[in-house]
Amino acid sequence: EFTTTVVSCSPAELQTEGSNGKKEVLNGFHVVLEDTLLFPEGGGQPDDRGSINDVSVLRVTRQGAQADHFTQTPLAPGTEVQVRVDWERRFDHMQQHSGQHLITAVADHLFGLKTTSWELGRARSVIELDSPSVTAEQVAAIEQSVNEKIRARLPVNVRELSLDDPEVEQVRGRGLPDDHAGPVRVVTIESVDANMCCGTHVSNLSDLQVIKILGTEKGKKNKTNLAFLAGNRVLKWMERSHGSEKALTALLKCGAEDHVEAVKKLQNSTKLLQKNNLNLLRDLAVHVAHSLRNSPDWGGVVTLHRKEGDSEFMNIIANEIGSEETLLFLTVGDEKGAGLFLLAGPAEAVETLGPRVAEVLEGKGAGKKGRFQGKATRMSRRGEVQALLQDYISTQSAE
């Protein structure tokens, strides 16, 4: 934390993602300070969070050489203020960003794998490598090398060079922003890497604790994405994994080394049960179809609801009955909640009634050739559908 002075405060808006995943717009202010220790987003690194005089800073963005701090409370220009950084978030970003520099340098040194971009994510970070593929052996070698350098406790230094300094040409980088002004900031890992960078970093590789490479994924054209965790993220990941392992041990009644085999056996058993269940359901559908066809109530409108079943169950019944004179209304699922429905019968009638049935059941569906089926959210309104169908049949008979 440190003390500085407010330069300006102007109304502003901030787009955020609400708890329901929808975009929300917050009204507030952009506060500009004489100087700041809150990092504005850039260089692949998210911005800091913190406070100004205990007023929360929700976003920090860069406008040229100026940092805009978004707050929902105004701060008067000329006021002396105390700025405090959210250290847990800052240190996490330092670990991930220095980890990226280290992995990038080692991947290039060992295998000539160039980094084209990277992203510091909330759960994991991803480095885009300029190669269509990276082998498991290469990943293992990179992980071993970076952790050796962490254990060697190599210093990380920050220097500022003037833009015309010849040394700038020797420094790795992907070019400066168009609105860059002032000196060039260089982050150096002793004997490993020198890189132009605006981000926040640890002062010694030992602060990274450990790096775990999670694996690779196919990236953009001819690129490979390498996902990794550094520092405290590795510990949190291990804690989650250990918790899952303990839970699985209790559920599967076997040691962690046997989890995979136990799950495979369960999957095979489930597939067999599903196959047997499907055969029984098919047999039941045929039996139900014949019972409906032979019922004294057959004709006009015939309805059937069953809690257990699926679309195939209903279609088998409709296939077995094969009637083009009767309206057949079948439903499966929760009697008062959600489920599936099928309307079968004369093509013209089904084409007219199908969308109306979906509307009554507050669902949606589609149909062709004398069938209309879909999903419903209000099965409790089946009676209304039956009345609708009966009215249609009565009207057709009268005509």
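Annotations for the structure displayed:
- Sites SER191 and GLN82, calculated FRET efficiency, Cβ-Cβ separation with R0 41 Å, nearest 0.05: 0.55
- Proximity of backbone amide H atoms, modeled 1.01 Å from N, is registered between ARG306 and THR331, VAL332, GLY333 at under 5 Å, excluding neighbours fewer than 5 places apart on the same chain.
- Extension gain for TRP237 to LEU252 (0.36 nm times residue separation, less C-alpha to C-alpha distance): 3.2 nm.
- Distance in nm between pseudo-label sites at LYS22 and GLU148 (7 Å out along the Cβ direction from Cα): 5.5 nm
- Diffusion coefficient, µm² s⁻¹, Stokes-Einstein with Kirkwood Rh over alpha-carbon pairs of the stretch 2-85 at 20 °C and 1.002 mPa s: 165 µm²/s
- Taking the chain and dividing mean pair separation by its residue count, relative contact order in percent (alpha carbons under 8 Å, at least six apart): 10 percent
- Cross-link pairs exceeding 27 Å in C-alpha to C-alpha distance, out of LYS114/LYS218; LYS114/LYS212; LYS336/LYS364; LYS265/LYS375; LYS275/LYS375, comprise LYS265/LYS375.
- Highest GNM mean-square fluctuation among LEU327, LEU235, LEU205, for the chain modelled with Cα contacts below 10 Å: LEU327.
- The chain - percent of accessible surface contributed by carbon and sulfur, probe 1.4 Å: 49 percent
- ALA366 versus LEU273: modelled label distance in nm, points set 7 Å from Cα along the beta carbon direction: 3.3 nm
- Our coupling estimate for the stretch 378-389, obtained by passing each phi through the Karplus curve with A = 6.51, B = -1.76, C = 1.60 and θ = phi - 60°, is 10, 5, 5, 9, 4, x, 5, 5, 4, 5, 4, 5 Hz, Gly and Pro reported as x.
- Sites matching GluC sites (Glu not before Pro) across the stretch 304-334 that sit in DSSP coil, with at most 12 neighbouring C-beta atoms within 10 Å: GLU308, GLU324, GLU325
- Accessible surface, the chain, averaged per residue in Å² (probe 1.4 Å): 57 Å²
- Spin-label model distance (nm) - GLU119 vs SER10, 7 Å beyond Cα toward Cβ: 3.1 nm
- The C-alpha atoms of the chain define a longest principal axis, and helix 311-321 lies at about 20 degrees to it.
- If the segment from THR135 to LEU266 were pulled out straight at 0.36 nm per residue, it would be longer than the present Cα-Cα gap by 43.9 nm.
- Counting only residues at least eight positions apart within a chain, or on another chain, the aspartates and glutamates with an alpha carbon under 13 Å from that of LYS223 are GLU128, ASP130.
- C-alpha long axis of helix 232-252 to longest principal axis of the chain, angle in °: 30 degrees
- If R0 equals 22 Å, the separation of the Cβ atoms of GLN66 and LEU163 corresponds to a calculated FRET efficiency of about 0.65.
- Globularity index of the chain, i.e. its alpha-carbon radius of gyration over 2.2 N^0.38 Å: 1.52
- Taking amide H as placed 1.01 Å from N in the peptide plane, the amide H of ASP47 sits under 5 Å from that of GLU41, each at least 5 places away or on another chain.
- The value of relative contact order for the stretch 90-240, using C-alpha pairs under 8 Å at least six residues apart, is 32 percent.
- Proximal aspartates and glutamates to LYS264, defined as alpha-carbon separation beneath 18 angstrom and excluding residues fewer than eight positions away on the same chain: GLU245
- 19 Å cut-off, amide nitrogen to a point 7 angstrom out along GLU41 Cα→Cβ, residues in the stretch 105-128: 117-128
- Subtracting the Cα-Cα distance of GLN390 and LYS221 from 0.36 nm times their residue separation leaves 54.9 nm of extension gain.
- The chain: angle of helix 136-151 to the longest principal axis, Cα-based, in degrees nearest 10: 40 degrees
- Accessible surface of CYS198 - all protein chains present, 1.4 Å probe, nearest 10 Å²: 70 Å²
The values are calculated or read from the model by the stated rules, or taken from the named source; none is laboratory data. All of these numbers come straight from a predicted model, not from anything done at the bench. All Cβ positions, glycine included, derive from the backbone under ideal geometry; neighbour counts span all protein chains shown. Note: accessible area is taken over every heavy atom of the protein model, side chains too, but ligands, DNA and RNA are not part of it. Shrake-Rupley method; radii C 1.70, N 1.55, O 1.52, S 1.80 Å.
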